[in-house]
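Encoded as structure tokens, the structure appears first; notes follow it.
The values are calculated or read from the model by the stated rules, or taken from the named source; none is laboratory data. Quick caveat: nothing in here was measured; it's all calculated off a predicted structure. Quick reminder, even Gly has a Cβ in these numbers, built from the backbone with ideal geometry, and neighbours come from all protein chains shown. What goes into the accessible areas is simple: the full protein's heavy atoms, side chains included, and nothing from ligands, DNA or RNA. Shrake-Rupley method; radii C 1.70, N 1.55, O 1.52, S 1.80 Å.
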Amino acid sequence: MFLEDLAVGCSCRGTMRRLPFELFLGLRYLKPKRTFVSVITLISLTGVTLGVWVLIAVIAVMSGFDRELREKLIGMHAHVQVSGGIINAQEADRLMAVAGKLPHAKATSPFVLGLVLVEADKRVATPYMKGVDPKREVLVSRIGEYIRQGSLDLDGEKVVLGRELAMQLGVYIGDKITVYSPRNFEKKGEEVYLPMELEVTGIFESGMFEYDVGLMFVSLATAQELYELGSAVHGIEVTTDDPMAGATAVATGLQGEIHAPMRAQTWAQLNRQLLAAIQVEKSVMFFILTFIIVVAAFGIMSTLITVTVQKTKEIGVLKALGAQARTILGIFLLQGFVVGVIGVAAGVVLGLLTVENINPINHFLSSALGIELFPKEVYNFPRIPAYLTMRDLVTIAGSALVICTLAGLLPALRAARLEPVEALHHE
């Protein structure tokens with residue numbers, strides 16, 4: 001068999017000029033011959049493809065979650081928040097003036113935030129109520145962009161609800177809801193506070209289920225009345241020209257202007273546990289799914305070990321003709337590399353197609369299986385977010401290629417160390 005390969009190599013001089021000898025012979029050894037070795041090679045190739053495919057799809061979804069979550073968090077909240085107690089009007093004005101003079105700061109806004117009980121047509125919910133100044137709020141968040149029905153009209157006793165909360169309560173633009181705050185459950189002598197009726201003037205949709213079902217906006221004055229704050233507020237918000245470095249600089253500058261229990265925190269610090277959890281999950285999934293490629297690499301290794309045993313005489317002939325150990329090493333290392341390249345290429349193509357069509361695939365599988373594979377109530381997003389960075393793609397493809405190439409190192413070293421006399425006497 002080896003003599004046939006050598007004869008073909010000699011007759012195909014044009015091919016030899018284009019391909020290095022090690023690569024040419026390695027490809028000849030990989031050529032399917034309907035043997036058990038070819039079956040193992042095919043299984044190994046399939047394993048590499050599946051590993052890369054699944055890794056790309058999973059990492060893209062995890063990156064999509066991280067990116068989408070950051071966008072929603074920044075969209076609904078300012079970059080910096082000062083909170084932790086009750087701030088009187090004079091102190092709030094002072095802090096906003098200080099924040100406005102800091103580098104990177106763009107706009108400020110006071111707010112009141114707390115839980116309330118809402119009732120409409122015998123339906124009850126317990127969302128967070130955020131009292132804001134509409135003119136200031138649109139400068140520090142994207143709530144104005146998220147309005148889907150009505151407008152951000154909070155003058156007087158009016159309210160803007162999230163889309164899911166409005167559906168849960170069964171209310172529409174122009175309907176009224178009854179709001180109970182903590183003061184309605186406190187008894188002060190003979191004084192009794194009645195709940196407040198608010199008119200729905202707007203419905204927003206942020207794209208994040210947690211906000212759309214658990215948040216409503218009222219005017220600052222309405223929230224102050226419901227929480228009996230007078231002219232005080234719960235905190236101030238600051239938006240910056242850079243949600244990362246700029247927000248950190250502004251938070252650091254404001255921290256020196258306040259005292260405990262008040263704290264100046266960036267949006268990332270306020271949501272650090274959630275963001276860290278996604279990053280940890282992404283890293284864990286990468287290492288777990290990499291083992292699919294490692295298993296496939298063991299298949300490649302077993303294939304090459306079998307090939308080196310089968311080709312022992314041929315290796316002896318090559319060495320007798322003057323082939324160096326590095327030439328033999330290169331032949332078998334290149335076999336593992338070629339299998340890796342083919343498997344990685346196929347996996348990348350399938351992975352990119354999956355990422356591009358992740359939501360149609362989800363809808364098809366949900367319909368076919370009769371179950372909802374991606375419930376928005378659980379994951380907080382109306383669709384599966386998928387975002388693949390070039391860095392992640394290169395990391396996945398590069399790692400797979402390195403693993404596949406290293407899988408051929410042990411059999412390649414065995415072949416390179418064979419002595420010509422010992423190899424030629426092999427039966």
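Observations
- Taking amide hydrogens as placed 1.01 Å from N in the peptide plane, the amide H of residue 79 sits under 5 Å from those of 238, 239, 240, each at least 5 positions away in sequence or on another chain.
- The H on the amide N of residue 158, modeled in the peptide plane, is under 5 Å from the matching H of 199, 219, each at least 5 residues off or on a different chain.
- Solvent-accessible heavy-atom area per residue, rounded to whole Å², over segment 85-133 at 1.4 Å: 51 Å²
- Couplings for segment 46-59, taken from phi via the Karplus curve 6.51 cos²θ - 1.76 cosθ + 1.60 with θ = phi - 60°, read 5, x, 4, 4, 5, x, 5, 4, 5, 4, 4, 5, 5, 5 Hz in order; Gly and Pro are left as x.
- Close amide H partners of residue 149, meaning residues 5 or more places away or on another chain with modelled amide H under 5 Å apart, are 203.
- For segment 109-118, 3J(HN,Hα) per residue [Karplus equation, 6.51 cos²θ - 1.76 cosθ + 1.60, θ = phi - 60°, Hz, x = Gly/Pro]: 7, x, 8, 10, 9, x, 7, 9, 10, 10
- Computed from backbone phi with θ = phi - 60° and the Karplus coefficients 6.51, -1.76 and 1.60, the 3J(HN,Hα) list for segment 241-250 is 7, 8, x, 9, 5, x, 5, 4, 5, 5 Hz; x is used for glycine and proline.
- A straight line joining the Cα centroids of segment 229-245 and segment 53-125 runs 9 Å.
- 237, 145, reordered so the largest accessible area comes first (probe 1.4 Å): 145, 237
- Accessible-area composition of segment 113-192, carbon plus sulfur, in percent [1.4 Å probe]: 48 percent
- Listed residue pairs exceeding 20 Å between alpha carbons, taken from 135/376; 158/376; 72/122; 135/158; 72/158; 72/101: 135/376; 158/376; 72/122; 72/158; 72/101
- Global geometry of segment 42-88, whether rounded, prolate or oblate, following the gyration tensor of its Cα atoms and the 1.5 cut on a/c: prolate
- Most to least packed among 266-278, 160-172 [average Cβ atoms within 10 Å]: 160-172, 266-278
- Under the shape rule built on the C-alpha gyration tensor, where the axes satisfy a ≥ b ≥ c, segment 162-295 is oblate, since a/c reaches at least 1.5 while a/b does not exceed b/c.
- Sequence ranges 175-181, 80-86, 193-199, ranked by mean other-Cβ count within 10 angstrom, highest first: 80-86, 175-181, 193-199
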